[in-house]
Amino acid sequence: MRSILWLSLTAVLFAGAADAAPRKGKRPVKRPTAKAVVKPVAPKAPITPGIMVPKAVVLTKPTPAEARAHAVWTLRAALNVAALQCQYSPFLRAVDNYNQMLKKHGDDLASAQAMMISHFVRTVKSGGMAAFDRYNTRSYNSFSTLDAQYNFCWAAGQAGLALRAAAPGEMARVAETAVVALRDALGIVPPAAGLMVPPMATLPDFRLPIYVADD
């Protein structure tokens with residue numbers, strides 16, 4: 001009887017030890033760690049000020065001398081446009097600034113014109129003068145604006161004053177800074193340009209009353 005109980009107890013202990021021992025050849029299953037899903041943020045569209053910002057004229061592989069001449073000739077075109085569009089304010093002196101530029105910096109303008117003609121003769125090969133004429137037209141159009149006219153005229157007035165103070169032969173130095181300021185002015189539109197129109201006031205009722213004749 002004791003032998004039967006001993007065998008039963010031994011079998012129970014052996015079974016418990018077998019269950020407690022780890023099984024060989026099988027590794028515990030690792031559950032994948034949940035990763036936080038990051039939603040991509042859509043890039044915001046760049047805000048371009050202004051409504052009709054004319055494009056600047058860009059030369060094809062200009063030399064440093066041609067780039068300086070381009071700045072001088074571009075400033076001349078800008079002040080020419082200002083002389084036509086900015087006469088609403090006598091304080092800007094747009095016409096007088098343009099005439100003084102032609103008088104004081106005539107040698108710089110002549111050198112810039114010759115350099116720009118040679119640029120188009122060199123790059124276009126055939127029809128260089130026609131390309132130069134188209135370049136002049138594009139230069140004028142690149143400063144033709146309506147919604148940013150006030151800012152453009154103010155910047156052109158500042159450029160005209162800078163040319164008045166500059167000595168002959170220094171127009172290229174002034175143009176390198178003034179052309180950038182003029183291009184920036186074309187992209188700024190104040191509310192006074194007429195782009196922010198207030199809502200119309202409520203109008204009175206002008207309808208006449210309807211009279212019904214008595215029977």
statement: Residue by residue through the range 93-100, the couplings from Karplus 6.51 cos²θ - 1.76 cosθ + 1.60 with θ = phi - 60°, in Hz, x for Gly and Pro, are 6, 5, 5, 5, 4, 5, 5, 5
- request: Whole number please: convex hull volume per residue, Cα atoms of the range 65-190, in Å³.
  value: 94
query: Using the Karplus equation 6.51 cos²θ - 1.76 cosθ + 1.60 (θ = phi - 60°), what ³J(HN,Hα) coupling, rounded to whole Hz, does each residue of the range 76-89 give in order, writing x for Gly and Pro?
result: 4, 5, 5, 6, 5, 5, 5, 5, 8, 9, 10, 7, 5, 10
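With a Förster radius of 35 Å, plug the Cβ-Cβ distance of residue 95 and residue 124 into 1/(1 + (r/R0)^6) and report the FRET value to the nearest 0.05. Show your work: numbers first, answer last.
Values: r = 34 Å, r/R0 = 0.96.
Given R0 = 35 Å and the Cβ-Cβ separation, E is 0.55.
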- prompt: Which is farthest toward the positive dipole end of the range 65-190 among 144, 174, 72, measuring Cα position about the Cα centre, with Cβ charges +1 (Lys, Arg) and -1 (Asp, Glu)?
  reply: 72
- line: Going from the fewest other Cβ atoms within 10 Å to the most, one would list 109, 59, 102, 75 as 102, 59, 109, 75
query: Residue by residue, what Karplus-based ³J(HN,Hα) values in Hz, rounded to whole numbers, does the range 59-74 have, using 6.51, -1.76 and 1.60 with θ = phi - 60° and x for Gly and Pro?
result: 7, 9, 6, x, 7, x, 5, 5, 5, 5, 5, 4, 5, 5, 5, 5
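FYI, it's all coordinate maths here, none of it is from the lab. All figures in this text were calculated on a predicted structure; none of them were measured in a lab. Note that each Cβ is placed from the backbone with ideal geometry, even for glycine, and that neighbours are counted across all protein chains shown.
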